Amino acid sequence: MPFAETPLRDEYAAAVERVAGRILAVLRDGEDAAALADPDTAVPRPLLAAVRVLGADLLAPQLLAGTEPDDPTAALLAESRRAFPAPAATAEGALVIAWQDWAADRVLARTPYGGASPTSPSAAPPSPAPLPGPADLGWQSWSVRMAQLSALALPGLDGPVHDAARADTLDLARGTVRSVLRQDFTTAARLARWLAWAGAEGRPPRIEVEPVLDRIRLIGAGARTRLDLAIAERLLEGTA
């Protein structure tokens, strides 16, 4: 999400890290998800921006536990969508944002706040345009695109992007290894999450995912990347 002022951009980036840390605490320690915002005060704009960026991951703890999204957190996600409509982007960027929003809509559709999202309030929001596959983009570019869509690698979400992940675990694995070798650990964590999701779906992940997670954990990472690692770990637990 582009912002003109560098201090504001930094403030919003810091908010993403804070919110990701709170989601991580809910996922690992069972903390109260509803504590993300004070219901008696206006939600700060940086917090709304962070929630908009994290999208469906805001409710990852519930989706991974197989429980329904809690209303306060769903309301916060819906409010963020109203406060920050999809930004202008290139055709490629707009497609990525559309799929990220599709994931958030699918989660919100299970709550009373489904109608509050900018797109269809129906139980099954329509899918955006199909993503080009590795045959069209090449496996390197396709794996980068899939890393951008790591928030879709959650239980309870299923669509064409997930079909591609099931069908192309080899290219996901190649992208993961390439990212580790390039020391792009953010991309590696997101692709490892997709591999863990594929494993939970009964597909061969092609590489051992746990050592990749261990390697990224050792180098130290921000809260958002640690959240990707924790989600991948939980998905691997389901596989086991």
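Miscellaneous remarks
- Taking a Cβ cut-off of under 15 Å around L227, the surrounding Lys, Arg, Asp and Glu residues balance to a net charge of +3, with basic ones at +1 and acidic ones at -1.
- Accessible surface of the chain, 1.4 Å probe, proportion on carbon and sulfur as whole %: 53
- Taken over the range 43-146, the convex hull of the Cα atoms encloses 116 Å³ per residue.
- Residue with peak Gaussian network fluctuation, the chain [Cα springs, cutoff 10 Å], from T187, T67, T111: T67
- A convex hull fitted around the alpha carbon atoms of the range 187-240 yields 62 Å³ per residue.
- Inverse mean reciprocal Cα-Cα distance (Kirkwood Rh) of the range 114-240, Å: 14.9
- Listed residues A200, A103, A94, most fluctuating in the chain (Gaussian network, C-alpha, under 10 Å): A94
- Among the protein heavy atoms, those of W102 account for about 10 Å² of accessible surface (1.4 Å probe, every chain in place).
- Here the chain is treated with +1 on each Lys and Arg Cβ and -1 on each Asp and Glu Cβ, and its dipole about the Cα centre works out to around 540 debye.
- The Cα trace of the chain gives Rg and Dmax of 16.9, 51 Å, the first to one decimal, the second as a whole number.
The values are calculated or read from the model by the stated rules, or taken from the named source; none is laboratory data. Predicted model, so just to flag it, every value in this text is computed and none were measured. Cβ atoms come from the backbone with ideal geometry, glycine included; neighbour counts cover every protein chain shown. In case anyone asks, the SASA skips ligands and DNA or RNA and just uses the protein heavy atoms, side chains included. Shrake-Rupley method; radii C 1.70, N 1.55, O 1.52, S 1.80 Å.
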